[in-house]
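The values are calculated or read from the model by the stated rules, or taken from the named source; none is laboratory data. As the structure is a prediction and not an experimental result, all values here were calculated from the model. Heads up, the Cβs are rebuilt from the backbone with ideal geometry, glycines too, and the neighbour counts pull from every protein chain shown.
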Amino acid sequence: MAIKKHREHKTGKFEFKGFVNLEFTPDERQAMGDWLDTFNDSASDSIAVLTEAMYKVGFSYDDHNEAYSITITCKYRSSPYFGYCFVLRHSDITRGINILRRVYDTLLVDGLYNMQTGADKYDW
C-alpha cells in the first residue's frame, strides 16, 4: 500500500507571459559599447549574477542572421517581470550576455523597465 504524502508547500507552475525584444538606438548602442569596454566581469560572472537573481539564461545561434539570441527569463515570483523572457540578438555571445547583465543591473533589479514603452526613457 502506498503512503500518501501530505504537501504543506504547493509550488505553482511557471506561467510564460511573453517575449520582450531588447533593441537599442544608435546612441544607446554607443553608450553600451563604451560601458562594455570598461566592464571587467566575464560572461560566466554575469550568468552567475543573473541565475542568483532567479533569471534563467539561454541562448541559440541563428545561421541565417549569423547572430546569437540570448534570453533571460524571470523566474522570481515577486518581480513585476515574472514570466517574461527578455531577448537580445548579438553577434558576440559574451558581449550579449554582459549587455543583458547591464540591463538587469540598471533596469530590471529596481523595476525601472516599462513594459509598454521599453527603455525609451532611460539614460544609459
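Filtered by the rule that a residue be under 15 Å from GLY18 (Cα atoms) and among the small types (Gly, Ala, Ser), the stretch 80-103 gives a lone residue, GLY83. One residue alone among VAL103, VAL109 is of a type in the set (Val, Ile, Thr), in contact (Cβ under 8 Å) with a residue 60 or more places away in the chain and out of contact with any His (no Cβ under 6 Å at 6 or more places or on another chain), and that residue is VAL103.
When you scan the stretch 107-116, do you find a residue that is at pLDDT below 95 and assigned to a helix (DSSP H, G or I), even just one? Within the stretch 107-116, one or more residues are at pLDDT below 95 and assigned to a helix (DSSP H, G or I). Taking ALA43 as the residue in question, decide whether it is without any contact (Cβ under 8 Å) to a residue 40 or more places away in the chain, farther than 16 Å from VAL20 by Cα and aliphatic (A, V, I, L, M). Spelling it out, it is not the case that ALA43 is without any contact (Cβ under 8 Å) to a residue 40 or more places away in the chain, farther than 16 Å from VAL20 by Cα and aliphatic (A, V, I, L, M).
Being more than 25 Å from GLY111 (Cβ to Cβ), hydroxyl-bearing (Ser, Thr, Tyr) and free of Cβ contacts under 8 Å to residues at least 40 places away in the same chain holds for only one residue in SER79, SER69, SER60, and it is SER60. The stretch 36-96 holds strands (runs of 3 or more DSSP E) entirely within its bounds, and those carrying 1 or more residues that are of a type in the set (Lys, Arg) and surrounded by 12 or more Cβ atoms within 10 Å (Cβ to Cβ) map to 55-62, 84-90.
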